[in-house]
1. Those residues that are at pLDDT below 95 and either closer than 22 Å to GLY171 by Cβ or touching a Cys at 6+ places or on another chain (Cβ under 8 Å) (or both), I need them from segment 247-274; list them, please.
2. If you take the residues in segment 7-29 that are surrounded by fewer than 16 Cβ atoms within 10 Å (Cβ to Cβ) and modelled with pLDDT of 70 or more, which one is nearest to the chain's Cα centre (by Cα)?
3. Name every residue in segment 252-274 that is surrounded by 17 or more Cβ atoms within 10 Å (Cβ to Cβ) and more than 24 Å from the chain's Cα centre (by Cα), in order of residue number.
4. Failed condition for SER202, given (1) in a strand (DSSP E or B); (2) modelled with pLDDT under 90; (3) touching a strand residue (DSSP E or B) at 6+ places or on another chain (Cβ under 6 Å), with all others met?
5. Give the residues of segment 57-83 that are assigned to a strand (DSSP E or B), hydrophobic (A, V, I, L, M, F, W, C), surrounded by 13 or more Cβ atoms within 10 Å (Cβ to Cβ) and within 36 Å of the chain's Cα centre (by Cα), sorted by residue number.
6. Just give me the residues in segment 212-235 being surrounded by fewer than 22 Cβ atoms within 10 Å (Cβ to Cβ), touching a Ser or Thr at 6+ places or on another chain (Cβ under 7 Å) and within 23 Å of GLY251 (Cα to Cα), in sequence order.
7. Inside segment 183-211, can you point out the residues that are touching a residue at least 40 places away in the same chain (Cβ under 8 Å) and basic (Lys, Arg)?
8. Does ARG143 satisfy the criteria of being at pLDDT 85 or above, touching a strand residue (DSSP E or B) at 6+ places or on another chain (Cβ under 6 Å), farther than 17 Å from SER267 by Cα and not hydrophobic (A, V, I, L, M, F, W, C)?
Amino acid sequence: MRPSSAVFAALFLGATLPCSAGAQLRQAGDRDPSGRILAKIIVTMIKPGEFGRPVAGLRFLVVAENGDRTATGTDDAGVANVWLNAGTYRFVTPDPVIFEGKAYTWDTVVPIRAGGPAIRLSDRNAVNVVRLPPPPASTNATRLPNPDERQGLWFNAGLGYGSMGCKDCDGRINGLSGGLALGGTVSPSFLAGVGATVWTKSKNSQTLTVATYDARVRYYPAALGGFFINGGIGFGSISSDLIFGVGDESGLGLVLGIGMDFRLSTSVSLTPFVNGVSVQTDNSNATVGQIGVGLTFQRTRGSGLLDF
């Protein structure tokens with residue numbers, strides 16, 4: 001069983017699906033043409049100070065009064081749906097959920113009737129709670145992974161202010177600065193990809209641009225923390241008709257900086273950053289001090305497929 005986040009998925013689907021489709025969504029207690037009633041089971045583990053964590057992949061046995069059995073299971077949103085005839089049923093979980101060092105199971109009897117509410121299960125109403133010694137003794141139970149672990153592809157876009165200096169400059173020049181980066185997750189602490197940084201200044205129809213196009217890495221000293229060290233090495237360019245004369249210079253580009261991800265959701269973070277950028281060519285050089293803020297998009301283990 002694993003937690004997943006359906007918050008952004010619900011918002012996305014609610015905004016994009018036609019109203020007619022929304023009208024067809026089934027609710028707990030609805031009847032189908034044959035008279036069966038929809039029993040909806042919602043399983044959420046609750047940690048103080050946090051939103052509930054839906055439990056996906058949890059198996060249920062639904063036992064009728066005459067002994068007939070039906071099997072069902074929760075989806076990525078922690079919801080199981082099963083159509084039943086009106087009556088009283090026993091809902092049993094054969095496998096435990098491991099959460100916060102404890103094993104939880106449920107065995108509850110619920111009357112199913114038209115218009116009835118959803119069946120909500122959580123760690124607060126589990127019938128069996130066993131504190132597990134480390135390491136866990138049960139081989140059938142699946143530990144819930146940490147929902148904040150980074151995984152998969154990531155993308156960052158940022159914009160801010162930069163101060164450029166060079167060997168032929170009379171003082172430093174202030175201008176607009178920004179960058180893009182994207183890549184994949186090597187581990188929860190280490191991201192790798194490619195990136196670009198740009199600083200530019202225009203004056204009297206003349207423009208000076210300093211840019212890098214580089215292999216990029218992010219290192220998070222704390223795997224679940226937001227602080228990171230950012231670095232890149234690759235191609236650098238100075239394009240100028242403002243100081244150096246018309247033409248482009250190219251050479252080595254370096255990026256080194258720090259930043260902090262402030263989580264807005266399970267897949268979006270607000271990311272202020274400070275970078276130092278250096279471009280070295282055969283005939284010139286430029287350094288840029290860059291400060292700004294961006295957005296980082298990356299799935300975590302707690303996010304759903306539609307959370308972007």
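1. GLU249
2. LEU25
3. Within segment 252-274, GLY253, LEU254, VAL255 meet the criteria.
4. (3)
5. Hits for segment 57-83 are PHE60, LEU61, VAL62, VAL79, ALA80, VAL82, TRP83.
6. Listed by number, the residues that qualify are GLY234, PHE235.
7. The one that is touching a residue at least 40 places away in the same chain (Cβ under 8 Å) and basic (Lys, Arg): LYS201.
8. Against the criterion (at pLDDT 85 or above, touching a strand residue (DSSP E or B) at 6+ places or on another chain (Cβ under 6 Å), farther than 17 Å from SER267 by Cα and not hydrophobic (A, V, I, L, M, F, W, C)), ARG143 does not qualify.
The values are calculated or read from the model by the stated rules, or taken from the named source; none is laboratory data. Nothing here was measured: the structure is a model prediction, and the numbers come from that model. Counting neighbours? That spans all protein chains shown, and the Cβs are built from the backbone with ideal geometry, glycine included.
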